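The values are calculated or read from the model by the stated rules, or taken from the named source; none is laboratory data. What you see is a predicted model; the values in this text were computed from it and never measured. Cβ atoms come from the backbone with ideal geometry, glycine included; neighbour counts cover every protein chain shown.
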């Protein structure tokens with residue numbers, strides 16, 4: 001699966017920007033799926049130079065733990081399971097699964113499930129490396 005990465009200009013023009021781990025094959029696939037649900041949405045890997053500088057409140061540590069969904073018009077950032085639930089609520093057939101996240105008991109289950117998947121994401125899909133980048137981390 002190929003993911004078109006947004007350039008800085010494209011991301012600046014978009015209201016929704018999904019920041020993901022571009023070195024994780026599983027993350028790349030899931031980010032592409034979420035971006036389709038969130039259309040229009042720019043995709044940016046936090047591993048690319050300059051991405052984190054464009055989003056001062058988002059840290060490398062936060063991006064290493066969960067996808068970050070920047071909602072510019074709303075002035076907020078959703079991460080992890082909250083970002084996934086937001087995306088699901090945008091499609092009628094999937095919306096019930098997204099709305100369940102807002103129910104306190106389900107929120108905890110979603111959050112724990114997301115953390116476990118995120119913690120094991122490289123086992124699920126492996127790493128994408130170009131040059132010596134993987135050796136540096």
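The set of residues in the stretch 16-25 being within 11 Å of the chain's Cα centre (by Cα), under 22 Å from residue 120 (Cα atoms) and not in a loop (DSSP other than H, G, I, E, B) consists of 18, 19, 20.
Within the stretch 37-59, which residues are surrounded by fewer than 11 Cβ atoms within 10 Å (Cβ to Cβ) and more than 20 Å from residue 98 (Cα to Cα)? Scanning the stretch 37-59 gives 49, 50, 53, 56, 57. From the list 127, 121, the one residue that fits, being at pLDDT below 95 and within 14 Å of the chain's Cα centre (by Cα), is 121. Inspect the stretch 1-17 for any residue being closer than 25 Å to residue 106 by Cβ, surrounded by 15 or more Cβ atoms within 10 Å (Cβ to Cβ) and at pLDDT 95 or above and give the result as yes or no. There is at least one residue in the stretch 1-17 that is closer than 25 Å to residue 106 by Cβ, surrounded by 15 or more Cβ atoms within 10 Å (Cβ to Cβ) and at pLDDT 95 or above.
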